[in-house]
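Visitor: Quick one: the structure is below, questions incoming.
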Amino acid sequence: MSISHLSLVEALNQRLQIVQEVSSAQARSLLNRQLGGGAEFEIQQIEQEIAASGPSHALTKALEDAYERRQRAHVEMAACDAQCVALERRLEELDGWIADGS
């Protein structure tokens, strides 16, 4: 095996690892989107219940908790999305290097 062949194999292995990291980050982002959607749905239900029966300590606490879960999900989505952008940039650079080396 030549040195360039070993470098190409290493680059392809690195590419595979980056693709797996992108997939993992996208899966986490999707999960957080689902969690955020669930929290949003819960917020709407609690707000309707408050409108129908009036505020209570339990409903207010449940509403605050749902808002916090939605906010955490949005923060996590943004972090995952930023990670995906960075990984995809690395992937493009690596693909360019692989194409130039072929």
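The values are calculated or read from the model by the stated rules, or taken from the named source; none is laboratory data. Small disclaimer: the values here were computed from a predicted structure and weren't measured. Note: ideal-geometry Cβ built from the backbone for every residue, glycine included; neighbour counts use all protein chains shown. Note: areas computed on protein heavy atoms with side chains; ligands, DNA, RNA excluded. Shrake-Rupley method; radii C 1.70, N 1.55, O 1.52, S 1.80 Å.
Visitor: Across the stretch 51-85, what is the total count of residues that are more than 23 Å from the chain's Cα centre (by Cα) and open to solvent by less than 40 Å² (accessible area, probe 1.4 Å)?
Guide: Residues in the stretch 51-85 being more than 23 Å from the chain's Cα centre (by Cα) and open to solvent by less than 40 Å² (accessible area, probe 1.4 Å): 4 in total.
Visitor: So which pairs qualify, if the first residue must be in the stretch 73-102 and without any contact (Cβ under 8 Å) to a residue 24 or more places away in the chain and small (Gly, Ala, Ser), the second must be part of a helix (DSSP H, G or I) and open to solvent by 70 Å² or more (accessible area, probe 1.4 Å), the Cβ gap must be under 9 Å, and the two must be at least 6 apart or on different chains?
Guide: Close Cβ pairs satisfying both conditions: ALA79/ARG28.
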